[in-house]
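The values are calculated or read from the model by the stated rules, or taken from the named source; none is laboratory data. Keep in mind that this is a model prediction, so the values were computed, not measured. Quick reminder, even Gly has a Cβ in these numbers, built from the backbone with ideal geometry, and neighbours come from all protein chains shown. For accessibility, only protein heavy atoms count, side chains too; no ligands or nucleic acids. Shrake-Rupley method; radii C 1.70, N 1.55, O 1.52, S 1.80 Å.
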Amino acid sequence: MKKLKAGIIGLGVGEAHIKGYHKHPNCEVVALCDFSPEKSENAKNKYPHLKICSNADEILTDPTIDVVSIASFDNYHHEQIVKAIENNKHIFVEKPLCLFESEAIDIYERLIQKPHLKISSNLILRLTPRFILLKEKIQKQEMGKVYYIEGDYNFGRLQKMTEGWRGKIPFYSAVYGGGIHLIDLMLWLTHDRVKEVSAVGNKICSEGSSFKNNDMVASLLTFESGMIGKMAVNLGCVQPHFHNLNIYGTEATFTNTFQDYGLYYTSRDKEIEPKKVKEAYPGAEKGDLICNFVDSIFADQEPIISKKDIFDILSVCFAIEKAVNTSQSVKVNYIYK
Ligand SMILES: NC(=O)c1ccc[n+]([C@@H]2O[C@H](COP(=O)([O-])OP(=O)(O)OC[C@H]3O[C@@H](n4cnc5c(N)ncnc54)[C@H](O)[C@@H]3O)[C@@H](O)[C@H]2O)c1
């Protein structure tokens, strides 16, 4: 079988993609790109057998490369995806896919013209063993009917906003950058669809810094089943990085905790101890979805994070950002038809 050749753009989290590609026996990373002279110089020393470049076009237009990882700053994703599609490359893009609805529609329409190309995104919480167990419980209806789901993306790394690239690029969205992980979890866990959202935001934590957008957004989601969701993204919280998740079913309640277990309640009686859900959290590394993505290329199947998933999740995120900016509730306009 011909080995797939991969190139990676952006060597922050992108460096973790190398291990992901190499977990697949029929895939090898051949090229890395970073426009920071320091990063590309380091890469030359660390990976002397790979092609190292500073201009993403050298990877995107290289006819020997079959698949690209796009792990550049968010504002470059759209243009790099478009070039990758034009040059017939499969794409593993860091979240978010892109920053504007018009860009997402553009990508969607280009992908329709090239249905053989696979695309996936790094919504890595899907591989968290604790959440996988919960999905099984929800599917088997062990929690009864889920009527309320609550997720907070508590970033706990304010300096990445106020000092790093997120505060320097023309537009950064806390919802697309962080909240997206919780939106993904909610849709995947419940297999439900969001109809409408309302949301508010503020930027009190990052006030006076170069970070231009809201660092705190709280949103309410109405799902098709009648379930209600609350998703908050809290970039400035004084707390370590944590994905707070509470799921309320008619028969059970789950709550994620800072301990090495989550709590699973099956009684309203405070004398009855909740069960400890000891499956690992987060329990997955950043490149762990990639082996499945490469498999999906060989098998011509959808990867774990499918094309539809990517567009559906982002469609909900676009509605939340719109709701914050218009102070009105917004119906989700699903891009993927
Ligand atoms: N899936 C996740 O859990 C996760 C976690 C962190 C970051 N991310 C995403 O990964 C992307 C990168 O974030 P990061 O945290 O790795 O940032 P980072 O600053 O640590 O690394 C990004 C690297 O990419 C390089 N770069 C940026 N734009 C480039 C371009 N156009 N051409 C060449 N090199 C470029 C930068 O020089 C930098 O070295 C973002 O889209 C971010 O949202 C995803």
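In degrees between 0 and 90, to the nearest 10, how far off the longest principal axis of the chain does helix 290-299 point, with axes built from Cα atoms? The helix 290-299 is inclined about 70 degrees to the chain.
About the centre of its Cα atoms, the chain shows a dipole size close to 300 debye [charges on the beta carbon of Lys, Arg (+1) and Asp, Glu (-1) only; nearest 20 debye].
Amide H contacts of Val277: Gly262, Leu263, Tyr264, each under 5 Å away and 5 or more positions distant or on a separate chain (H built 1.01 Å from N in the peptide plane; Pro and chain starts excluded). According to the square roots a ≥ b ≥ c of the eigenvalues of the Cα gyration tensor, what is the shape class of the stretch 44-95, taking rounded for a/c under 1.5, prolate for a/b larger than b/c otherwise, and oblate for the remainder? Judged from the Cα gyration tensor, the stretch 44-95 comes out oblate (a/c at least 1.5, b/c at or above a/b). Could you tell me which of rounded, prolate or oblate describes the stretch 99-167, using a ≥ b ≥ c as the square roots of the eigenvalues of the alpha-carbon gyration tensor, with rounded for a/c under 1.5 and, failing that, prolate when a/b is larger than b/c and oblate otherwise? Verdict is oblate for the stretch 99-167.
How much of the accessible area of the stretch 209-337, in percent, comes from carbon and sulfur atoms when a 1.4 Å probe is used? Roughly 49 percent of what the probe reaches on the stretch 209-337 is carbon or sulfur. Against the chain, whose longest principal axis is taken from its Cα atoms, helix 129-139 shows a tilt of about 60°. Projection of the Cα convex hull of the chain, averaged over all directions and equal to a quarter of that hull's surface, yields 17.8 nm². Sorted on the mean count of surrounding Cβ atoms within 10 Å across their residues, most packed first, peptides 159-166, 202-209 read 159-166, 202-209. Ranked by the mean number of other Cβ atoms within 10 Å of their residues, highest first, the peptides 38-44, 129-135 come out as 129-135, 38-44.
Between Phe171 and Asn45, what FRET efficiency comes out of the Förster formula 1/(1 + (r/R0)^6) with R0 = 25 Å and r the beta carbon distance, rounded to 0.05?
Details: r = 35 Å, r/R0 = 1.38.
In this case the efficiency is close to 0.10.
Only lysines eight or more places from Lys3 in sequence, or on another chain, were considered; those with a Cα closer than 18 Å are Lys19, Lys23, Lys51, Lys89, Lys118.
Heavy-atom accessible surface of the stretch 4-117, averaged per residue, reaches 43 Å², computed with a 1.4 Å probe.
Note on the stretch 73-97 and the stretch 236-265: Cα centroid distance 33 Å, given to the nearest whole angstrom. Under the simplified labelling scheme, the Asn75-Phe258 pair shows an inter-label distance of 3.5 nm, with each label point 7 Å from Cα along Cα→Cβ. Could you estimate the translational diffusion coefficient of the stretch 4-117 from the Stokes-Einstein equation, with Rh from the Kirkwood formula over C-alpha pairs, at 10 °C and 1.306 mPa s, in whole µm²/s? Estimated via Stokes-Einstein, D reaches 112 µm²/s. Using the 1.4 Å probe convention, the accessible area of the stretch 152-294 works out to 47 Å² per residue with neighbouring protein chains retained. Over the stretch 264-319, all Cα pairs binned in 5 Å intervals from 0 give whole-percent P(r) values of 4, 14, 12, 12, 14, 12, 12, 10, 7, 2, 1, listed from short to long.
Rounded if a/c is under 1.5, else prolate if a/b is larger than b/c, else oblate: which is the stretch 211-333, with a ≥ b ≥ c the root eigenvalues of its Cα gyration tensor? Note, shape of the stretch 211-333 comes out oblate. Compared with the dominant Cα axis of the chain, that is its longest principal axis, helix 37-46 is turned about 80°. Once both labels are positioned 7 Å from their Cα atoms along Cα-to-Cβ, the gap between Arg268 and Ile112 label points is 5.0 nm. Per-residue Karplus couplings for the stretch 328-337, computed as 6.51 cos²θ - 1.76 cosθ + 1.60 with θ equal to phi - 60°, are listed in order as 9, 6, 10, 6, 6, 9, 6, 6, 6, 9 Hz, Gly and Pro entered as x.
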